[in-house]
Each structure stands twice: as C-alpha cells, then as structure tokens.
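Heads up: the structure comes next, in structure tokens.
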Amino acid sequence: MSPPIAPRRARPAWLDPAFLLAYLLFWAGLSVVPWVLIDSATPVAAFALTLMSTVGFAFVTLPTWYLCRALPLRPGRASRVVSIHGAAAAVWSVALVGAMKLLAEAGGLFAGWHRLPLEVDRTQSALFGVGALFYFLVATFQYVLAELQLRHEALEREAALAVLAQRAELQALRAQVHPHFLFNSLNTVSALIGYDPVKAREACVLLAEYLRGTLRAQDQALVSLRDEWALCERYLKVEALRLGDRLRVDVELDESAADCLVPSLLLQPLVENAMTHAITPVDEPEPLRIRAKRRGARLALELENGIDPAPRPRDGGLGLANVRARLFAQYGKDASLRIESDVERFAVLLDLPVSAPNTEAAP
Amino acid sequence: MTKPSGERRILIVDDEEPARRLLAEYLRAYPRWSVIGQAKNGLEAVKLTQQEQPDVLLLDVQMPKIDGFEVLGLIAPEIAVVFTTAFDEYAVRAFEVHAVDYLLKPFSAERLGQALARVEHRLGAPRSVCAPVLARAAREPERHLERLVIRDGAEIVIIPAASIDYVRGQDDYVEVFHEARSSLTQQTLQHLEASLDPRQFVRVHRSYLLNVSRVARIEPWGQGSKMAVLKDGRTVPVSRSGEARLRAVLGV
C-alpha cells in the first residue's frame, strides 16, 4: 500500500532556510541606515550594530507571527486589526530603541565608540519611526506569507483528495463481481444437481473459492501472478461448466513469470472481457490464449481471443479501461497496455516492471 | 395449432447445455407439455420453429448468431414466447413484444409451471406486435438499430446498418439494398426510418430511405426533382422535401 497522506504542520515562515538567507541579506543592506544616521559610525561598526540587531530582531519579529496568526484579515475587522497592530508597533519600537540604546552603551563601554549612546539618543525619534515602519512591513510580510501558505495547503489538500478518490474508485473497480456471472452460475448448479450431483458440488466449491479469492484480492494491492492466475482459472472452470467445450483455454505461464507480483485482479477483468466479447456470444469460438513471460526486469502478459463474427453493440471496454487505470495507478508510465486487433483476433498485451516478492512484499 | 389430445409442443432455445437440460428436466413434471426440440442458437431456433411448428418457445435472450428478440421477429406471431435469461434489464422490452412471461435464471419448476399456465391462457391468441415495436425491442433503449435480421425467402439475412445502401418501400414490405444484393422484408419504410440512425439514413423520397454516406453527388432530374448519384453509379430519386432533409444532414 502507498504511504498515507499527512498534511504538513504549519510553522513560522522564518524557519525556512531560504527565508533566513533573504532576511540576513535584507539586514545587511539596512546597515546603511545607522551608518548614515550615526555620524561617528564607521561602516564596520554600523554593520556590527545591525548584525547584532538582526539576531535580536529575529526573535523580536516572532511576536508578529503569532499576532498575525491570531488576527487573521477578515472583512469588517479592519479597525480592530489596525488598532491592535498599532499598539503592538509602538511597544515594539520602544523596545527596539531601548535595545539599541543598550547596545550603544555596550559599544561605548567595550569598543570605545563613546559617541554612539549620544547619537542614538539624538536620533531616537527617527529610530522609533523606522522601528514602527519595520513592524508594519514585517506584519504585512507575515500576512502575505500566511496567505501563500494557505493557498499552497489548499492545493496540496486538493491533490491528496484526488488521489484518495482515485484509490477508492480503483478499489470499487477491483471489487466488482458481475451479478450475471453469479446468476448464470447458480442456474448451472441448479441444472447439474439434476443430472450430475458430483459436478454440482464441484461447481459450488469452485464458485466459493472464486468469490473468496475476489474478496481477498480487494485487500491486497499486489499478488503473485500464480495466485492471480489461480483465481482466473476458477472463474474459467465455472464458466466451462456452463459453456462446455465451447470454452477452450490455452495457457503458458513461465515459472519465472509466475513468481512476479502484479496488481491483484489485473488478469481477471481481461479474461472476463474476452468471455463477454469473444466466447459467450460465439457459436464455435476460438480458444482463449494466455501467455506470461519474464524478460529480465520486465513482465510480458498476453491475452488473445477470436472475434465475434456478428458483433452486437455492448457496453464494452470497461474491463480494459479498468486495467489500464490500475496499471497507471501502480506503475505510472512504466507499464503499458496495448491492443492488437484485426479481423480474426483480438490481443491485449501488457508490459510491466517486475516486482519480485522479496523486494516489494505485499502488505 | 393445438393438437386434439391437448398436447402442447415446446421448443427449448438456449446456448448453454445445462440450461437446456434443466428446462427439459423441469418439463418432465408436466406431461401435457412435450419438448419437440432443443436449439443451441437463434438461427437453429428459427429453423426448428419452421420445421416443427411448436406452440411455445422457451427462449434465451443472449445467444450466438441472433438473439432472442431477433428470433421473435422472425417467427409466426401465433407462437407463444417465454423468455428465460439471467438479465433482468430486458423485461420491459420482452413485454413490449408481448412475450407471455419472463423467467429470471435461476428459477424453480413451480415458476416455470406458472409461466406454462399463462401460456395455456394465451395460446392461440396471436401476438399483435407491429414491426416498429419489434425493431425497438431488438435494440438497446436510446440506441439505433445496428443491424437488421430479416427473413428473405427461406434464408435469414443479417445486415449491419452500415452496409445498407438504400431501402425502397413498396406497400407493406421493403426492399433493402446492401452489398450488391437486395433482400425483401415485411416491414414498412416508416418503421425502418424510425429505427435507424437519422444521422445516417434520410428519407429522400416517399419510397426511399438513403444511407447518406453512399451519396456521391446530387443532380437535377426532370421537373423540379433531383436524383442522388451513389458512389457506385446507381441513382435514387430525391423529392423536393427529401432534398431539404438530405442537405440538412449533409450540412450543405
């Protein structure tokens, strides 16, 4: 079975490496601001100041992330959002200016930049304004990121749902036992009871084994070709009781091919398809030929049957479409279903990668 | 058709041997009903019906060659028909063609007995089924007739709709021209027109239904009328209203 689909947990965007890099570059660029504002600051000092603020700022921006999460943008709530963010921006900027003062004092004490505390004092209102501006920039940035993340998650969920729906559909396709097959088989058993009770009992056992096999197959994604063929064989034996010598089957199953794993109920719809179109409606049908060969890492399956000389409109192709869809679901483009047909014969050729039982065990 | 002794003659038609044997076994409990034959497919059924003139057909629907509904269209209307099938989707169509009963496989001997009682009741009263109903029954609902199964003299001819060139109507029978031959059948042109695909078959004249894919060109022919020249050179008269219908389908 394929792995379950779990939604990714939401986390602050700044933990993203790409975002962190962009963030650092942004701040490096911003070193220009203290360099211009603070007269005594050399470029190196300005960059050091900014770098220190950056690390602090990274933690300081974290509240905006939670605040933006807590205050999603909804129509009619603009004033509430603006006032709360306004208050937060004021508090945040005061904290920023305070932090810069502390840093400047530290710079004055330990690095001998004695004019730094004075410069910070002189420009504190400008710093406050710049801080508030940054707060709003960061908040806007958080909202944009949150929105993008929501869209991304919605798309992912949609894709996951599509996969689930497809899986359910395939399950349903796999499960179908045609009621007509059951009704006809029961009629045959009812007839056999009258003139061949031993065979009637045999028919009951075959029918039960076939039905049990299809039920079991619904829980298994992959089965060995041997098991898949055993299921088809039961189906064909039940049909043979009904059709007598009209049904002839010619099978060549290589020992190496029989061990390969195939999607469960891969062959059965193809066999049933051949029965419906080329055996049941024909008076003296050609035999049904089934071949399986392993060629290196590939498995080749071939089903060949004759053609109904008086074809009638029928709901056909469902079996083939079903098998094609299941092959694609399992192997993508690595497997193919090809049809060869002319006036005398109809052949379905499957080509799929070999999955050996020991490397990819069915759950 | 009823024998003085009150014996009823039954023909069993089914392509599956167990199904035929089951019916024969069930019928042993009804000594007044004697099985006069068993047919393995539709064609055999029609042949045996002609030879043996049974009172009743126990008729499977899905069979090789021609199916149960097509058989019904080829046998005398006095013969009672009881369908036996595993498919319940034909029931409505079966009663449209006045089948006496419709037995869903598997069924019990008692259920067959009920069907025979109904047959007894209905015996002798002919099915007054008209051709269009039969034609409708011989195809899936919402689908056009894909082939004609008709009796031409002693022969039964299966004509795919695509191989019909044109049909000429004469009173209560029609002549179907197909693959360089023609077959007569007791139907009317209206019925055929109603059953065949209208995008392929156009009533170009009071007495002609034409397969448009055979038309090579349309030429003037006498006073105000035209004729369609077919690809093989044969011609079919086209009336003024017929020409309009033909042009509408051809889109010219």
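The values are calculated or read from the model by the stated rules, or taken from the named source; none is laboratory data. Note that the coordinates shown come from a computational prediction; the quantities given were computed from them, not determined experimentally. Every residue, glycine as well, gets a Cβ built from its backbone with ideal geometry; the counts of neighbours run over all protein chains shown.
Among what's in segment B:59-78 and is within 14 Å of chain A (Cβ to nearest Cβ), part of a loop (DSSP other than H, G, I, E, B) and among the charged types (D, E, K, R), pick the residue that is nearest to B:ASP14 (Cα to Cα).
B:ASP67
Right, A:GLY306: of a type outside the set (Lys, Arg) and within 14 Å of another protein chain (Cβ to nearest Cβ) or not?
Against the criterion (of a type outside the set (Lys, Arg) and within 14 Å of another protein chain (Cβ to nearest Cβ)), A:GLY306 qualifies.
With at pLDDT below 90 and of a type in the set (A, V, I, L, M) as the only criterion, which of A:VAL354, A:VAL249 stands out?
A:VAL354
What strands (runs of 3 or more DSSP E), lying completely within segment B:180-252, carry at least 2 residues that are within 16 Å of B:ASP165 (Cβ to Cβ) and among the small types (Gly, Ala, Ser)?
Output list reads B:181-185.
Starting from segment B:176-194, keep only residues that are acidic (Asp, Glu), then list their pairs with residues that are assigned to a strand (DSSP E or B) whose Cβ atoms are within a distance under 6 Å, requiring at least 6 positions of separation or different chains.
Cβ pairs passing all conditions: B:GLU193/B:ARG203; B:GLU193/B:LEU209.
Looking at B:ALA45, B:ALA39, which is the one that is of a type in the set (Gly, Ala, Ser), under 24 Å from A:LEU241 (Cα atoms) and away from every other protein chain (no Cβ under 12 Å)?
On the way: B:ALA39 fails: away from every other protein chain (no Cβ under 12 Å).
None of the others qualify; the one that does is B:ALA45.
For the structure I just gave you, tell me whether B:ASP14 is within 14 Å of another protein chain (Cβ to nearest Cβ), surrounded by fewer than 23 Cβ atoms within 10 Å (Cβ to Cβ) and not polar (S, T, N, Q).
Against the criterion (within 14 Å of another protein chain (Cβ to nearest Cβ), surrounded by fewer than 23 Cβ atoms within 10 Å (Cβ to Cβ) and not polar (S, T, N, Q)), B:ASP14 does not qualify.
Can you spot a residue in segment A:246-257 that is closer than 21 Å to B:LYS40 by Cα, out of contact with any Lys or Arg (no Cβ under 9 Å at 6 or more places or on another chain) and within 12 Å of chain B (Cβ to nearest Cβ)?
Yes, some residue in segment A:246-257 is closer than 21 Å to B:LYS40 by Cα, out of contact with any Lys or Arg (no Cβ under 9 Å at 6 or more places or on another chain) and within 12 Å of chain B (Cβ to nearest Cβ).
Does any residue of segment B:203-212 turn out to be under 22 Å from B:ASP67 (Cβ atoms) and either touching a helix residue (DSSP H, G or I) at 6+ places or on another chain (Cβ under 6 Å) or of a type in the set (D, E, K, R) (or both)?
no
Report yes if some residue within segment B:79-99 is over 20 Å from B:GLU7 (Cβ atoms), within 14 Å of chain A (Cβ to nearest Cβ), assigned to a loop (DSSP other than H, G, I, E, B) and small (Gly, Ala, Ser); otherwise report no.
The answer is yes; a qualifying residue exists.
Looking at B:LEU250, B:LEU230, can you tell me which residue is surrounded by fewer than 20 Cβ atoms within 10 Å (Cβ to Cβ) and at pLDDT 90 or above?
B:LEU230
Restricting attention to segment B:175-191, and to residues there that are out of contact with any Ser or Thr (no Cβ under 6 Å at 6 or more places or on another chain) and aliphatic (A, V, I, L, M), which single residue is nearest to B:LYS231 (Cα to Cα)?
That would be B:ALA180.
When residues of segment B:100-126 are filtered for being farther than 14 Å from B:ILE79 by Cβ, of a type in the set (Gly, Ala, Ser) and either outside any helix (DSSP H, G or I) or within 14 Å of another protein chain (Cβ to nearest Cβ) (or both), how many remain?
2
Quick check, is B:ILE36 under 26 Å from B:ARG147 (Cα atoms), outside any helix (DSSP H, G or I) and either of a type in the set (A, V, I, L, M) or touching a strand residue (DSSP E or B) at 6+ places or on another chain (Cβ under 8 Å) (or both)? Break it down into steps so the answer makes sense when it comes.
Numbers: under 26 Å from B:ARG147 (Cα atoms): no; outside any helix (DSSP H, G or I): yes; either of a type in the set (A, V, I, L, M) or touching a strand residue (DSSP E or B) at 6+ places or on another chain (Cβ under 8 Å) (or both): yes.
It is false that B:ILE36 is under 26 Å from B:ARG147 (Cα atoms), outside any helix (DSSP H, G or I) and either of a type in the set (A, V, I, L, M) or touching a strand residue (DSSP E or B) at 6+ places or on another chain (Cβ under 8 Å) (or both).
Return the total of residues in segment A:176-197 being more than 7 Å from chain B (Cβ to nearest Cβ) and over 23 Å from A:GLY319 (Cα atoms).
4
So, B:ILE12, is that one more than 18 Å from the chain's Cα centre (by Cα) and among the aliphatic types (A, V, I, L, M) or not?
It is true that B:ILE12 is more than 18 Å from the chain's Cα centre (by Cα) and among the aliphatic types (A, V, I, L, M).
What's the number of the condition A:ILE279 fails, among (1) farther than 30 Å from B:ASP67 by Cα; (2) aliphatic (A, V, I, L, M); (3) buried (at least 21 other Cβ atoms within 10 Å of the Cβ); (4) touching a Lys or Arg at 6+ places or on another chain (Cβ under 8 Å)?
(1)
Which of the residues that make up segment B:2-21 are touching a helix residue (DSSP H, G or I) at 6+ places or on another chain (Cβ under 9 Å) and either part of a loop (DSSP other than H, G, I, E, B) or in contact (Cβ under 8 Å) with a residue 40 or more places away in the chain (or both)? Walk me through how you get there before you give the answer.
Restricting attention to segment B:2-21, the residues satisfying the condition of being touching a helix residue (DSSP H, G or I) at 6+ places or on another chain (Cβ under 9 Å) are B:8-21.
Of everything in segment B:2-21, those that are touching a helix residue (DSSP H, G or I) at 6+ places or on another chain (Cβ under 9 Å) and either part of a loop (DSSP other than H, G, I, E, B) or in contact (Cβ under 8 Å) with a residue 40 or more places away in the chain (or both) turn out to be B:ARG8, B:ARG9, B:ILE10, B:LEU11, B:ILE12, B:VAL13, B:ASP14, B:ASP15, B:GLU16, B:ALA19.
Does A:PRO269 fit the bill of being at pLDDT below 90, crowded, with 19+ Cβ neighbours inside 10 Å and either among the aromatic types (Phe, Trp, Tyr) or under 19 Å from A:SER336 (Cα atoms) (or both)?
Spelling it out, A:PRO269 is indeed at pLDDT below 90, crowded, with 19+ Cβ neighbours inside 10 Å and either among the aromatic types (Phe, Trp, Tyr) or under 19 Å from A:SER336 (Cα atoms) (or both).
Would you confirm, using the coordinates I've provided, whether A:CYS204 is crowded, with 22+ Cβ neighbours inside 10 Å and touching a residue at least 12 places away in the same chain (Cβ under 8 Å)?
Taking the combined requirement at face value, the residue does not satisfy it.
Taking the conditions exactly as written (in contact (Cβ under 8 Å) with a residue 24 or more places away in the chain and in a helix (DSSP H, G or I)), does B:ALA24 satisfy them or not?
no
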